Amino acid sequence: MVAICEDLPEEHNTVTLDPVLKDANGIPAPKIAYTLSENSRRMLDHAVARATEILRAAGAYDVWHEAPIPEGGWHLMGTARMGTDPARSVVNEWGRSHEVKNLFIVATPMPRRIRRRRLQSRRASQGHRSCWRASR
C-alpha cells in the first residue's frame, strides 16, 4: 500500500544550480534541497496509521512501513513556483519564465492547489493556456 501526500510549497525546499558539479558540457547540475516539513510528516504518519488499520482489518498480521521511502521521488507537483513576483517565483501566471521571456514551463511543475480536478485535464489546460498566451 502506498500513500502519496502533497507537500506544501515551502521556501526552504529549492532547486538551484550546483556551484561545483557540472555535466560534460560544463553546464551546472541541479542541486536539490528538500526537508520534510512538520505538516508533511503528520500527513505521512496519518496515512501510515490508516493504512495499518485497513490492513489489520483485512487480516494482515505482519505490517511494516517505511515513510518516507529513502529513494522516493519528491516534488510530485513541481519545483517551478508560479507567481507575479520574480523574486519569489520562477514563472508568471501564464507559465512564462520571469528571466527568459521565450521560455514557457508547462505540464505540472507549477504548484497550485489541486482539488477535485483531474490531473490530465489540468495538464492539457495549462499547456493550451500557455501556448495561447505565447502567441499574443
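The values are calculated or read from the model by the stated rules, or taken from the named source; none is laboratory data. Note that the structure is a prediction, hence the values are computed from the model and not measured. For neighbour counting, all protein chains shown are included, and Cβ atoms are generated from backbone atoms with ideal geometry for every residue, glycine included.
Results, tabulated for the structure shown:
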{"quantity": "Lone qualifier among 62, 85, 18 - being at pLDDT 90 or above and touching a Lys or Arg at 6+ places or on another chain (Cβ under 9 Å)", "calculated": "18"}
{"quantity": "Residue that is farthest from residue 4 (Cα to Cα) [pool: residues in the stretch 30-43 that are modelled with pLDDT of 90 or more and of a type outside the set (Lys, Arg)]", "calculated": "38"}
{"quantity": "Some residue of the stretch 9-19 being under 13 Å from the mean Cα position of the chain (by Cα), surrounded by 15 or more Cβ atoms within 10 Å (Cβ to Cβ) and assigned to a loop (DSSP other than H, G, I, E, B)", "calculated": "yes"}
{"quantity": "Among the candidates 24, 49, residue that is part of a loop (DSSP other than H, G, I, E, B), out of contact with any Lys or Arg (no Cβ under 9 Å at 6 or more places or on another chain) and at pLDDT 85 or above", "calculated": "24"}
